[in-house]
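One structure is given here, and the rest of the page talks about it.
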Amino acid sequence: MVIDGKRRIMRLTLGALAELEAELGEGSLVDLVQRFEGGRYCARDVLALVVAGLRGGGWRGDAADLRCAEIEGGPLAAAQAAATLLARAFATPGPE
């Protein structure tokens, strides 16, 4: 994801997932996955996921920083990145 002209790494580590659960405050990560799969997510879900993913990738900002940032591709790109991040975090690995 490119934020303010700089490419950023996003990953949902265990710590990032714990922060995401705390940020959402209600429901579960399974509920969040179901909302994204059903297209019923909101901007707050996208923001929380992107922040968690960025923090898992080593970024030290927070949601307030991201609210003011320029995201390449805009809100749609952010939502797509969030959905991809979530799908990868819960994908079942294939046989080795």
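The values are calculated or read from the model by the stated rules, or taken from the named source; none is laboratory data. A quick note: this is a predicted structure, and the numbers were derived from the prediction, not measured. Note that we place each Cβ from the backbone using ideal geometry, even for glycine, and neighbour counts take in every protein chain shown.
Give the residue that is surrounded by the most Cβ atoms within 10 Å (Cβ to Cβ), with candidates limited to residues of segment 20-72 that are in contact with a Lys or Arg (Cβ under 7 Å, 6 or more places away or on another chain) and within 13 Å of Ala82 (Cβ to Cβ). Don't jump to the end; show me each part of the working.
First, pick out the residues of segment 20-72 that are in contact with a Lys or Arg (Cβ under 7 Å, 6 or more places away or on another chain): 41, 45, 53-54, 56-57, 59.
Narrowing further to those that are within 13 Å of Ala82 (Cβ to Cβ): 41, 45, 53-54, 56.
Values: Tyr41: 20, Asp45: 22, Gly53: 27, Leu54: 25, Gly56: 21.
Ranking the qualifying residues of segment 20-72, first place goes to Gly53.
Would it be correct to say that Leu49 is modelled with pLDDT of 90 or more and either of a type in the set (A, V, I, L, M, F, W, C) or in contact with a strand residue (DSSP E or B) (Cβ under 6 Å, 6 or more places away or on another chain) (or both)? Write out each step before concluding.
On the way: modelled with pLDDT of 90 or more: yes; either of a type in the set (A, V, I, L, M, F, W, C) or in contact with a strand residue (DSSP E or B) (Cβ under 6 Å, 6 or more places away or on another chain) (or both): yes.
Spelling it out, Leu49 is indeed modelled with pLDDT of 90 or more and either of a type in the set (A, V, I, L, M, F, W, C) or in contact with a strand residue (DSSP E or B) (Cβ under 6 Å, 6 or more places away or on another chain) (or both).
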Restricting attention to segment 1-19, the residues that are within 17 Å of Ala81 (Cβ to Cβ), of a type in the set (Gly, Ala, Ser) and surrounded by fewer than 17 Cβ atoms within 10 Å (Cβ to Cβ) number exactly 1
Any idea which of Arg55, Arg40, Arg44, Arg35 is assigned to a loop (DSSP other than H, G, I, E, B), at negative phi and not polar (S, T, N, Q)?
Arg40
Tally the residues that are within 22 Å of Gly5 (Cα to Cα) and touching a residue at least 40 places away in the same chain (Cβ under 8 Å), restricting the search to segment 29-54.
4
From Arg44, Arg40, residue being under 11 Å from the mean Cα position of the chain (by Cα) and of a type in the set (D, E, K, R):
Arg44
Counted residues, segment 66-96 - those being touching a residue at least 24 places away in the same chain (Cβ under 8 Å), assigned to a helix (DSSP H, G or I) and not aliphatic (A, V, I, L, M):
2
Show the residue pairs meeting these rules: Cβ distance below 8 Å; 6+ apart or different chains; first residue within segment 1-27 and touching a residue at least 24 places away in the same chain (Cβ under 8 Å) and acidic (Asp, Glu); second residue surrounded by fewer than 16 Cβ atoms within 10 Å (Cβ to Cβ) and in a helix (DSSP H, G or I).
Glu23/Ala63
